[in-house]
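Since every read-out is calculated from the coordinates, none of them should be taken as a lab result. Here the structure is a predicted model, which is why all the values come from computation and not from measurement. As a convention, Cβ positions derive from the backbone with ideal geometry for all residues, glycine included, and neighbour counts pool all protein chains shown.
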Amino acid sequence: MPPPIAFLLCIIGIAILFYLNKDDSVQNSNALWLTAIWVGLIGSRPVSMWFGLTGGPTYAANSDLEGSPFDAAIFAALIAIGVIVLLTRWKKSRRYLGVMGPIIIYFAYCLISVSWSPVPVPSLKRWIKDVGDVVMVLVVLTDIEPLAAIRRLYSRVGFVLFPLSLFLIRYTETGRAYDNDGLLYSVGVTTNKNSLGLTLFVISLGVLWNFRWLLVNRTEPNRGRRLVAQGILLGFGFALLYMARSSTSLGCFLLGSVLLLATHLRAVRYQPSRVHLFGIAVFAFGGISVFFGATGDVAGAMGRDSSFSGRTDIWSSLFPAVSSPIIGTGFDSFWNSPNVAIFQHNLKMLGFYHPERLNEAHNGYIEVYLNLGWIGVCIIAIVLIIGYLAACRAFQRNAELGSLFLVYIITGVIYSSTEAGFRTMSPNWVFILLAIIGASGVKKNAKVRVLHQTESPLVPAH
């Protein structure tokens, strides 16, 4: 099939999916499109790259000091509009700020660390973008119908990115690239297979959450066609995850799917305290084995060697390159600091060769350590622990919401063991923030059985 015809069919297919998923019984604010666009952009490529204003797939915005002014203007506009929206919803926004103590402390420390960054201006710009992640999360949670807003966020992003990825992979060179060994792999709307896998992983979990809800709730408006739309989207996610060959993302999606479905079993739903058993089991299988033996078996099962595709060499070379272990190099600054020369020397001594300039540690916790030191690692650990406990409480109050929040926190923690999952404008980080902030805002006595209700279970009490 000629690519122009395939592209036309792709656009028609996207329009059909939006039509099938249409539900006029719930009205969300148009501001939800802000978050959908934000997630769509960070989950694909910079706008400047789509218009040919920057480099190809090897372009790395996170490591470029100045970045693209065009992209900066777009993100600044989205953040500014998002802040205006939150100010118009100040009553709800203020309540969420009241339950975000650990996250506010983390962001405050990140801002302070800009002062000792070797590149303070770019570091400050990246911090502002990181605040943008929080703004977009709050735009969703302060919506008049936050549950429906969360559900529609997955659909709006997935309906566009998934079909476009399949089109780009099948009919263009843009959707494909070569790895370090010269093997062809799929990148879709992103710039590398790991980025594609991450986008597919976080969005597909939300689609599965939507699909399960529609499957068991027969009274949902327009249930039949919405179920078809979500089923098709879930099928796209499965197929693309297989094509992406991103072991970490595929593993996290499978673990998250098992946890999401298991938390809705009667034995757990009516005994919410048992959710800890499932959470611990997933942590044990997906995380502990990585660090405490059996790494070869686990890695082999996921399609990579026991060194995790060279990651262990990278990790061992990074620790000696940190000049300030307590406070770090400064927010998102390590890869633009003189410390990189020490890291590259250490890596060379190990005989590890990478044809491209590395710009991440391929481990979220080490990445935080490089930029924010042990203080930052301790703060992010506290944020995750408090978030997990909040998600467990949320599950006891509202199993539908709590299950989703638990899945994102647990899989996000596991994902970050082999990828930089806490970085600015990472889909993993955005949905971890959504889970933690959302879980902290689930009110007591919020055990609702329906999606549409007069009072939202997500707005914190006065």
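Overview of results
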| item | result |
| --- | --- |
| Peptide ranges 210-216, 4-10, 44-50 listed from the most packed, as the mean C-beta count within 10 angstrom indicates | 44-50, 210-216, 4-10 |
| Taking His264, His345, His362 and counting other C-beta atoms within 10 Å, the order from fewest to most | His345, His264, His362 |
| Under 5 Å, built H, 5+ apart or other chain: amide partners of Gly328 | Gly373, Trp374 |
| Other-chain or far-sequence residues with amide H under 5 Å of Thr418's (modelled H) | Gly364 |
| Ordering of 162-169, 85-92 by burial proxy (mean other Cβ atoms within 10 Å per residue, highest first) | 162-169, 85-92 |
| Karplus (6.51, -1.76, 1.60) ³J(HN,Hα), θ = phi - 60°, over region 239-255, in Hz, Gly and Pro reported as x | 4, 5, 4, 5, 6, 5, 6, 9, 4, 4, 5, 5, x, 5, 5, 5, 5 |
| Whole-Hz ³J(HN,Hα) from phi, Karplus 6.51 cos²θ - 1.76 cosθ + 1.60, for region 336-347, glycine and proline x | 10, 10, x, 4, 4, 4, 5, 4, 5, 5, 4, 5 |
| Residue order, fewest to most beta carbons within 10 Å, for Ile105, Ile342 | Ile105, Ile342 |
| Footprinting exposure proxy for Leu196, Leu153 (fewest neighbouring C-beta atoms within 10 Å first) | Leu153, Leu196 |
